[in-house]
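A short worksheet on the structure shown next.
The values are calculated or read from the model by the stated rules, or taken from the named source; none is laboratory data. In this text the structure is predicted, and so the values were computed from the model without any measurement. Here Cβ is always computed from backbone atoms with ideal geometry, including for glycine, and neighbour counts include all displayed protein chains.
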Amino acid sequence: MIELKNLYKSYRGKSVLMNISLTIQDNEFFVLIGSSGCGKTTLLKTLNKLNPIDKGEILINGTPINRIKVTQLPRLMGYVVQEGGLFPHMTVEDNIALAMRVAGYPKEKIYDRITELLELVNLEPDQYRSQYPSQLSGGQRQRIGVARAFAADPEIILMDEPFSAVDHLTKCTLQEELINIRQAENKTVLFVTHDINEAVFLADRVVLLSPRPSTIQKIYEIPLEQKRGRNDPLLLKIAAEIAKDINSGGQDIPNNYWGNL
């Protein structure tokens, strides 16, 4: 379980996050949405210690984050960024193995784990494990980024707009694959997006952050199984509600907020 208690964060004297309190349950798919620059990524990075907080407390399974060593994080949290964030000079196999080596994963198990993960993200292991990122499409690079995040079998997966740089058809496929992988691996996921329909399609709960200084504007429950239809009337209703609340909170809705169902 992840607990955020009265978090405050500022940059150069300007408040970014103000009094953020949330509880994220084990195995929950939790989505953060809000206008550009509102602090979604900043909030996400407080969890993996890339952004230290000014005030408040973060607990992971009851342990304060400041008591968790950086060397323990790869076993605890995976992290996916836009376009996968792969190292260009390393093969697919080495990119995925890196997280496991840092986490102290048993050497004799790394090869088989990479095979398992490549199959989970629908990439043929014998074909792709020796390729370099420059030889892959955008969707394939993102699949490898997802595989690397899951590689060391962490409890929590942080995903920062992971599908924003791919085309719509690839995005839809990756969303479906993520649902399958997450269920197979039994993980807690925190996911940042600008796409309202992506949020309601994937999430158990969606949190709307207000413009800076960000507070929690509203939380939306999605009372549907993860395997859900994109045109489910309830999803459309919740998506419309989020859009309305964004407007009422003084936020603009950019074109990429809607995506496509």
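Counting only helices (runs of 4 or more DSSP H) that sit completely within region 80-130, those holding 1 or more residues that are of a type in the set (Phe, Trp, Tyr) correspond to 107-120, 125-128. All conditions but one from (1) surrounded by 14 or more Cβ atoms within 10 Å (Cβ to Cβ); (2) touching a residue at least 12 places away in the same chain (Cβ under 8 Å); (3) more than 17 Å from residue 190 (Cβ to Cβ) apply to residue 89; the one that does not is (1). Scanning region 197-232 for residues that are more than 14 Å from residue 179 (Cβ to Cβ), aliphatic (A, V, I, L, M) and assigned to a loop (DSSP other than H, G, I, E, B) returns no hits.
Of all residues in region 35-50, those satisfying the criterion of being in a loop (DSSP other than H, G, I, E, B) and either out of contact with any Ser or Thr (no Cβ under 7 Å at 6 or more places or on another chain) or at pLDDT 95 or above (or both) are 35, 36, 37, 48, 49, 50. When 58, 53, 20 are screened for being in a loop (DSSP other than H, G, I, E, B) and surrounded by 14 or more Cβ atoms within 10 Å (Cβ to Cβ), only 53 passes.
In region 164-184, of all residues being surrounded by fewer than 17 Cβ atoms within 10 Å (Cβ to Cβ) and charged (D, E, K, R), the one that is nearest to the chain's Cα centre (by Cα) corresponds to 176. Do we find that residue 71 is among the polar types (S, T, N, Q), over 20 Å from the mean Cα position of the chain (by Cα) and modelled with pLDDT under 90 in this structure? Yes, satisfied.
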